[in-house]
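The values are calculated or read from the model by the stated rules, or taken from the named source; none is laboratory data. Values in this document were obtained by computation on a predicted structure and should not be read as measured data. When we count neighbours, we look across all protein chains shown, and the Cβ atoms used for this are built from the backbone with ideal geometry, even at glycine.
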Amino acid sequence: MIRGLHGLFYSSEAAVTRTFIRDKLKLPYSDVGDGWLIFDLPEADLGVHPIDNEGKTAAGTHDLSFYCDSIKDTVAELKARGVAFKNEIEDHGYGFVTYFTMPGGVEVQLYEPKYVKKRARSETRPKSDKHARLRSSTRKPKISSK
């Protein structure tokens, strides 16, 4: 059973991008060694979009965005941490949207969805997990939310 999504940002400055996500976005992470941080998002969703007819988005393209409950509050909080936004918040129909660029040239969309999430992460896990004992008995990586 698929339980989540693991996404990747490819950056020309990977270590600096990781530091930005850790220090500016304040996402919790696991330090898996040698400077590699794996960030733990509380939930995810996945959409499938058609390619556009103007050739701006090719088939096979991937895109990752962050979403939040209040875009105005989140933008204000991130600006206070030094994050610069490319434009003002706009209504894109599915949600309120803006963009920022992380070190290494990684552009990210931030949005407040207008749609309602069907289930919280904790509600999607089965009550009886036959693998829970195995996971709890293995060494877990250090998790931090610095």
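From the list L41, L27, which residue is assigned to a loop (DSSP other than H, G, I, E, B), among the hydrophobic types (A, V, I, L, M, F, W, C), surrounded by 13 or more Cβ atoms within 10 Å (Cβ to Cβ) and touching a helix residue (DSSP H, G or I) at 6+ places or on another chain (Cβ under 6 Å)?
Going through L41, L27 in turn, just one is assigned to a loop (DSSP other than H, G, I, E, B), among the hydrophobic types (A, V, I, L, M, F, W, C), surrounded by 13 or more Cβ atoms within 10 Å (Cβ to Cβ) and touching a helix residue (DSSP H, G or I) at 6+ places or on another chain (Cβ under 6 Å): L27.
Scan the range 13-49 residue by residue and report those that are over 29 Å from Y115 (Cα atoms), under 14 Å from the mean Cα position of the chain (by Cα) and in contact (Cβ under 8 Å) with a residue 40 or more places away in the chain.
Answer for the range 13-49, where residues must be over 29 Å from Y115 (Cα atoms), under 14 Å from the mean Cα position of the chain (by Cα) and in contact (Cβ under 8 Å) with a residue 40 or more places away in the chain: just T17.
Out of all the residues in the range 63-74, is one or more closer than 20 Å to E112 by Cα, assigned to a loop (DSSP other than H, G, I, E, B), touching a strand residue (DSSP E or B) at 6+ places or on another chain (Cβ under 7 Å) and small (G, A, S)?
Yes; the residues of the range 63-74 include at least one that is closer than 20 Å to E112 by Cα, assigned to a loop (DSSP other than H, G, I, E, B), touching a strand residue (DSSP E or B) at 6+ places or on another chain (Cβ under 7 Å) and small (G, A, S).
Would you confirm, using the coordinates I've provided, whether A58 is over 21 Å from P113 (Cβ atoms) and either exposed (fewer than 13 other Cβ atoms within 10 Å of the Cβ) or out of contact with any Ser or Thr (no Cβ under 8 Å at 6 or more places or on another chain) (or both)?
The answer is yes for A58.
What's the number of the only condition in (1) within 12 Å of P113 (Cβ to Cβ); (2) at pLDDT below 95; (3) surrounded by 11 or more Cβ atoms within 10 Å (Cβ to Cβ) that V97 fails to meet?
(2)
For every residue, the table says whether it meets (1) at pLDDT below 95; (2) closer than 24 Å to A76 by Cβ; (3) aromatic (F, W, Y); (4) in contact with a strand residue (DSSP E or B) (Cβ under 6 Å, 6 or more places away or on another chain).
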position: L5; (1), (2), (3), (4): yes, no, no, no
position: L8; (1), (2), (3), (4): yes, no, no, no
position: A14; (1), (2), (3), (4): yes, no, no, no
position: D23; (1), (2), (3), (4): no, yes, no, no
position: D34; (1), (2), (3), (4): yes, no, no, no
position: L41; (1), (2), (3), (4): yes, yes, no, no
position: L46; (1), (2), (3), (4): yes, no, no, no
position: P50; (1), (2), (3), (4): yes, no, no, no
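So in the range 101-119, with the set limited to residues that are part of a loop (DSSP other than H, G, I, E, B) and under 21 Å from L25 (Cβ atoms), which one is modelled with the lowest pLDDT?
Across the range 101-119, the extreme among qualifying residues is K117.
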